[in-house]
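Just below is one structure, and these are the notes that go with it.
Any read-out appearing in this document is the output of simple, stated calculations on the displayed coordinates, not a laboratory observation. Predicted model only: the values in this text are computed from it and were never measured. Neighbour counts run over all protein chains shown; Cβ positions are idealised from the backbone, glycine included.
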Amino acid sequence: MAKVIPFRGIFYNSKRVGNLKAVVTPPYDVIGAKEQDAFYESHSHNIIRLILGKEYAADSETDNRYTRAATAFEKWRREDILVRDEIPALYFTETDYRVHDRQVTRCGLIALVALEELASGVILPHERTFSATRSERLRLVETCKANFSQIFALYPDQANRVCGHLKQETAGKMPDIDFKDPDGMCHRLWRVTDPGIADAVAAEMSEKPLYIADGHHRYETALSYRNSRLSENPALPEDAPCRYVMMYLSSMHDPGLTVLPAHRVVNSLPKAKTDSFLDKAAPFFDVEIFNGTDARIRERAFLDSLAKSNSKKGTAVGVVMRNKEAFYVLRLREGVMERLFADLLPGPLMRLDVTVVTQVFLKNILDFDETDLDNEENLSYTSKIPEAIDAVRKFGRAAAFIMNPTRI
């Protein structure tokens, strides 16, 4: 199963950059143009310049967002803006954040993980990727020769033994890093350099598969980069850096774990498709409709109903449609996924909201084919429910499919 090893991480030098809040960002794929501008302005060494640099009309093959990222990365290292640890470590983290008006703490581990083909069953995806995004991410990796952000993966550990090893090692010690990010989340990190702890963690993880929660494009990019390097030099040693990728690992049994979804927005559809959507969905779903003259009350009732559905058995998805004032919660009828996809999808994947949205809503009801799904002009994503709703209500997108946090 998963091979997990320590590594020499590269960190911001807080003596040079000050408060880390000014130099961090969320993952590149949730950053819009306005957020990009704000991160550029927040600090001259903000990580945005590496993970999602600006593009300009005068860009060329030798001067573009990727070459500028590589230049900045090397310059920051020379100037000790970024510094590399001397000793390989596992990096134990705690993250405090709020979800559904309650404070929770998630434990995690940052380490290198040996790359495995997705068909191997060792590292398992649950989302589709876009070829254009994979190509764009690959250019960044090829140019900079670095992983700038971790892939978020989950592993089964009902007894929380992995986290237990790390907590025991760091108990009573001040964190090496402690800061609050722009979204108000508090992050603490400890370096764990004891080889005995690394061996214990590696032994535990060697029996476990990993499930990618976020970072599908980055994982497939890392595979492509590794395969490219191996095609050039098949004799690369087993510990070659290209054979590994940086991951943030969390137990799916951690009490502080919440996997927030990426809500789907369909950018355009023929009117006939939106008009017939509910009729075509009727054989598969029970439909709850939220009408009313007060839009805010209507939306609140819709979101409350959708959230309550997450505590019950079954799958429910919220739907917002262009030219329809009502909100809809569609609850999947029992046995639908087994009847439609028993020979095509493994059981655990059938129960995911994202599978229902992709397989039933997009492919079955709206007639999306593989080419449609691979076209980023057709679909967009957001982790924020208000943005998904506004995409339809304010900006004229065709539909939004709003999902609950993934149940583990």
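Observations
- Overall, the anisotropy analysis places segment 1-149 in the rounded class: the square-rooted eigenvalues a ≥ b ≥ c of its C-alpha gyration tensor yield a/c less than 1.5.
- For residue 124, residues with placed amide H under 5 Å, excluding near neighbours: 210, 211, 212
- If the Kirkwood radius is taken over C-alpha pairs of segment 254-300, then at 37 °C and 0.692 mPa s the Stokes-Einstein diffusion coefficient equals 227 µm²/s.
- For the chain, the Kirkwood estimate of the hydrodynamic radius, built from every pair of different alpha carbons, is 23.1 Å.
- For the chain, the Cβ-based charge dipole about the Cα centre amounts to some 800 debye (Lys, Arg positive; Asp, Glu negative; other atoms uncharged).
- Of all DSSP beta bridges confined to the chain, the antiparallel ones make up roughly 90%.
- Evaluated at q = 0.19, 0.23 Å⁻¹, a Debye calculation over the C-alpha positions of segment 1-78 (equal weights, vacuum) places log10 I(q)/I(0) at -0.90, -1.14.
- Protection-proxy order for peptides 134-141, 246-253, each taking the mean of Cβ atoms within 10 Å per residue, highest first: 246-253, 134-141
- Highest to lowest packing among 388-401, 60-73, scored as the average C-beta count within 10 Å: 388-401, 60-73
- Compactness of segment 263-402, taken as the C-alpha radius of gyration over 2.2 N^0.38 Å, stands at 1.00.
- HN-Hα J in Hz across segment 46-60 - Karplus 6.51, -1.76, 1.60, θ = phi - 60°, x for Gly and Pro: 4, 4, 4, 5, 9, 8, 8, x, 6, 10, 10, 4, 8, 4, 9
- Farthest toward the positive end of the dipole of the chain, out of 39, 67, 195, is the Cα of 39, where the dipole comes from beta carbon charges about the Cα centre.
- Taking the empirical scaling 2.2 N^0.38 Å for compact globular proteins as reference, segment 351-396 has a Cα radius of gyration ratio of 1.25.
- In segment 166-319, lysine pairs closer than 30 Å at Cα, eight or more apart or cross-chain: 11
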